[in-house]
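The values are calculated or read from the model by the stated rules, or taken from the named source; none is laboratory data. Because the structure is a prediction, the values reported are computed rather than measured. Heads up, the Cβs are rebuilt from the backbone with ideal geometry, glycines too, and the neighbour counts pull from every protein chain shown. Remember, those area values only see protein heavy atoms, side chains included, never the ligands or the DNA or RNA. Shrake-Rupley method; radii C 1.70, N 1.55, O 1.52, S 1.80 Å.
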Amino acid sequence: MFHSIIQRSSSLKVDELTVRLVTSRDAHQIAAYYQRNKNFLQPWEPLRDPAFFTVTGWERRLAQLTELHKHNLAYYFVIFREGSDEVCGVINFSNLVRHPFYACHVGYSLDEKLQGKGIMRRALNAAIRWIFEEQHFHRVMAAYIPRNQRSAAVLKAAGFEQEGVAREYLLINGRWEDHILTARINPNWTQPES
């Protein structure tokens, strides 16, 4: 199935979705997203400080993320559905390494009530296209807990291939968890201009 993708700098339009870099004005919406999904996301994420779920905490965090964006050290995207100003998901690119690796990690989450609609697959594909074409990355890596079958399905649908298993890879919800390591390679990689 073909999905239209319109790209405007760091704002991507995919069908009825807008995927864009977070801004300092998003503190209320992002705090609300994490408050709504706190219990749903808890088994898959690190333990969070109480400030993570507050507007004030997100105002501070967004100031840091803005600096990371400015220096091309990380990219944190928010997802909106057409006609709504409610954040329905997030995609973040971290651990960005350029020459000679040109690789990064991606993480993501989606609102509990929107699971199973193909939203994350479409948003993730658009964001990866952006990181490949606009930022000239060659490899995007993602890891998931083996029992997280929804994440496994999203990554497979987005073209990620399994590369290995890492024992006790990340401290998730207060416990060291094994992860399946996956990656997607940019088949059209071009050397960025200096």
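Worth a mention:
- Gly107, sole failed condition from (1) under 15 Å from the mean Cα position of the chain (by Cα); (2) farther than 18 Å from Leu170 by Cβ: (2)
- Test: Arg150 is closer than 23 Å to Arg48 by Cβ and either among the basic types (Lys, Arg) or modelled with pLDDT under 95 (or both): yes
- Criterion applied to Asp85, Asp15 was being in contact with a His (Cβ under 6 Å, 6 or more places away or on another chain) and touching a residue at least 40 places away in the same chain (Cβ under 8 Å), and the one residue passing it is Asp15.
- Members of the range 165-194 found to be surrounded by 13 or more Cβ atoms within 10 Å (Cβ to Cβ), assigned to a strand (DSSP E or B) and hydrophobic (A, V, I, L, M, F, W, C), listed by number: Ala166, Leu170, Ile172, Ile180, Leu181, Ala183, Ile185
Results for (1) in a helix (DSSP H, G or I); (2) at pLDDT below 95, shown as yes or no for each residue.
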position: Asn39; (1), (2): yes, no
position: Arg48; (1), (2): no, no
position: Thr56; (1), (2): yes, no
position: Arg60; (1), (2): yes, no
position: Glu67; (1), (2): yes, yes
position: Cys88; (1), (2): no, no
position: Ala123; (1), (2): yes, no
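- Single match in Asn37, Asn92 (criterion: polar (S, T, N, Q) and either open to solvent by 20 Å² or more (accessible area, probe 1.4 Å) or over 25 Å from Tyr144 (Cβ atoms) (or both)): Asn92
- Considering (1) touching a residue at least 24 places away in the same chain (Cβ under 8 Å); (2) surrounded by fewer than 15 Cβ atoms within 10 Å (Cβ to Cβ), the lone condition that Gln162 does not fulfil carries the number (1).
- Breaking point among (1) among the acidic types (Asp, Glu); (2) surrounded by fewer than 13 Cβ atoms within 10 Å (Cβ to Cβ); (3) under 25 Å from Pro146 (Cα atoms), for Glu45: (2)
- Within the range 99-115, being open to solvent by 40 Å² or more (accessible area, probe 1.4 Å) and either touching a residue at least 12 places away in the same chain (Cβ under 8 Å) or part of a strand (DSSP E or B) (or both) holds for Phe101, His105, Tyr108, Glu112, Gln115.
- Failed condition for Ile30, given (1) open to solvent by 80 Å² or more (accessible area, probe 1.4 Å); (2) assigned to a helix (DSSP H, G or I); (3) not acidic (Asp, Glu): (1)
- Flag if Ser9 is at pLDDT below 95 and open to solvent by 60 Å² or more (accessible area, probe 1.4 Å): yes
- The residue that is nearest to Gly116 (Cα to Cα), counting only those in the range 165-194 that are touching a residue at least 12 places away in the same chain (Cβ under 8 Å) and of a type in the set (Gly, Ala, Ser), is Ala183.
- Residue match in the range 47-59 (condition: within 15 Å of Asn92 (Cα to Cα), in contact (Cβ under 8 Å) with a residue 12 or more places away in the chain and not aromatic (Phe, Trp, Tyr)): no
- Pick from the range 125-146, criterion touching a strand residue (DSSP E or B) at 6+ places or on another chain (Cβ under 9 Å) and in a loop (DSSP other than H, G, I, E, B), ranking: surrounded by the most Cβ atoms within 10 Å (Cβ to Cβ): Phe137
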